[in-house]
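This report concerns only the one structure given below.
Nothing in this text is a laboratory measurement; each read-out follows from the coordinates by a stated rule. Quick caveat: nothing in here was measured; it's all calculated off a predicted structure. Cβ sites come from the backbone with ideal geometry, for glycine too, and all protein chains shown count toward neighbours.
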Amino acid sequence: MKTLKIATIPGDGIGTEVVPAAIEVLKTVSEIHGGLSFAFTDFPYSCEYYLEHGVMMPDEGLEKLKDFDSIFLGAVGNVKLVPDHISLWGLLIKIRREFEQVINIRPAKVIPGVRSPLVHPKDFDLIVVRENSEGEYSEVGGRIYQGEDELAIQNSIFSRKGSERAMRYAFELASKRKKHVTSATKSNGIVHSMPFWDEVFKEVAKDYPAISTDSQHIDALAAFFVTHPERFDVIVASNLFGDVLTDIGAAIMGSVGIAPAANINVNGKYPSMFEPVHGSAPDIIGKGIANPIGQIWTAKMMLDHFDETELGTLLLDVVESVSNDGILTPDIGGKHSTKEVTDEIINRLKQRA
Ligand code: NAD
Ligand code: IPM
Ligand code: MN
């Protein structure tokens, strides 16, 4: 019996609603499989934890999390309790950085039965590889002067190693898919980091002659995500460009509530972390209507990560059969609750056993 040790961090808001739902689904998956089980350990790190302890996660938190096979996280953030930059840098971004989860993979594709807001949605299937450790998300900078002369300076950090790593990951992924990589740039406006990014991209591309490439300015690229998403295969983007692009990717699928993501530790030293694209959704907390598909599809990415691809494929297949039958939460035009959608996925998984 293979047992995977999973640390669960539901976090804030609807994270506490969709993580338990996805855990139930994963338990059903393990019952079906027979040879696979999960040992879940729950960690209460969240904004409420901060109010009680003055930190988002205790000093020994990372030490504890380090020994798990992976981390399964919901969402972090509750501005009524803690400012976002404190809660996010104290937990989510801290784990991404300390555990060297340098790549964030975020797929977007058409899901049957889920209506895209696009008037003529085409059959798109793309993956954004988001650089996850540096770029525009930097602590370098500060605030100087006061009054009308006040300044905030925010420096971006683009290392050759970090950029190249994300790009190579994108090329490797594309070699197993439609063999095209698009680089998200802004070298027409951002004069240091983006020409450098373009240069590194050209160099890396030379090592992958079988993969075609193009480079598009992020503003035009964002527009093409809406007008022609079917043109894309793999897109490699800096941290912030990837963040924005992937909410657009989620939106054209139908809702940010269905988009999955994986923060990958590529050197094998630390666990990877699986967390959907969406946040804590303060506007729908406690209503029982959070879409669980983003978190459940994220669980599928975790199964794939552990080479349980057959189970991963089965899980997404079952999710798609449920959505195709119109069993949907309100964000994608349905009337069903988180629990109803989750229960239906569990029932159908059992039928497929
Ligand atoms: P959000 O993704 O939480 O919400 C945006 C909109 O999408 C809201 O209308 C929300 O109701 C809806 N939505 C999101 N997930 C949904 C789901 N599963 N089902 C149905 N509807 C869903 O983004 P936001 O409002 O910018 O951020 C809210 C908080 O979450 C902030 O504190 C932010 O910093 C945090 N956040 C955390 C993460 C993370 O932990 N990974 C990601 C994004 C935002
Ligand atoms: C995401 C989120 C985070 C990010 C925030 C909450 C810091 O938007 O995971 O997409 O920007 O990385
Ligand atoms: Mn985001």
Exercise. Mind checking which aspartates and glutamates have their C-alpha under 19 Å from LYS66, skipping anything on the same chain fewer than 8 residues away?
Worked result: ASP42, GLU98, GLU100, GLU275
Seminar exercise, completed: Partner lysines whose C-alpha sits under 25 Å from that of LYS64, ignoring same-chain residues fewer than 8 away, are LYS2, LYS5, LYS27, LYS94, LYS269, LYS300
Exercise. Gaussian network model of the chain, Cα springs within a sub-10 Å range: biggest mean-square fluctuation belongs to which of GLY268, GLY11, GLY90?
Worked result: GLY268
For this session: Determine, from the Cβ-Cβ distance of HIS180 and LEU118 and an R0 of 25 Å, the FRET efficiency 1/(1 + (r/R0)^6), rounded to the nearest 0.05.
Result: 0.75
Problem set entry | Förster-model FRET efficiency, 45 Å R0, GLN146 and THR41, C-beta, rounded to 0.05 | 0.45
Exercise. Got a sec? How would PHE171, PHE224 order by Cβ neighbour count within 10 Å, fewest to most?
Worked result: PHE224, PHE171
Exercise. In the stretch 110-169, what chymotrypsin sites (Phe, Trp or Tyr not before Pro) fall in a loop by DSSP, with at most 11 other Cβ atoms inside 10 Å?
Worked result: TYR145
Exercise. Counting alpha carbon pairs within less than 8 Å and at least 6 residues apart, what relative contact order, in whole percent, applies to the chain?
Worked result: 23 percent
Exercise. Using alpha carbon centroids, what distance separates the stretch 169-184 and the stretch 89-142, in Å?
Worked result: 16 Å
Seminar exercise, completed: Summing -39500 (n - 2.57) over every DSSP H run of at least 4 residues in the chain and dividing by its residue count gives a helix-only mean residue ellipticity at 222 nm, to the nearest 500 deg cm²/dmol, of -12000 deg cm²/dmol
Problem set entry | Reach of LYS178 by Cα under 18 Å, taken over aspartates and glutamates that are not fewer than 8 positions away in the same chain | ASP123, ASP125, ASP207, ASP214, GLU230, ASP233
Exercise. Could you put TRP297, TRP89, TRP197 in order, starting from the residue whose Cβ has the fewest other Cβ atoms within 10 Å?
Worked result: TRP89, TRP297, TRP197
Exercise. When PHE68, PHE274 are ordered from fewest to most other Cβ atoms inside 10 Å of their Cβ, what list results?
Worked result: PHE68, PHE274
Exercise. In the stretch 150-217, what GluC sites (Glu not before Pro) fall in a loop by DSSP, with at most 15 other Cβ atoms inside 10 Å?
Worked result: GLU150
For this session: Return the loop-located trypsin sites (Lys or Arg not before Pro) in the stretch 234-317 (DSSP other than H, G, I, E, B) with at most 15 other Cβ atoms within 10 Å of their own Cβ; answer none if there are none.
Result: LYS269, LYS287
Problem set entry | the stretch 269-347: C-alpha gyration tensor shape, a/c 1.5 cut-off, then a/b vs b/c | oblate
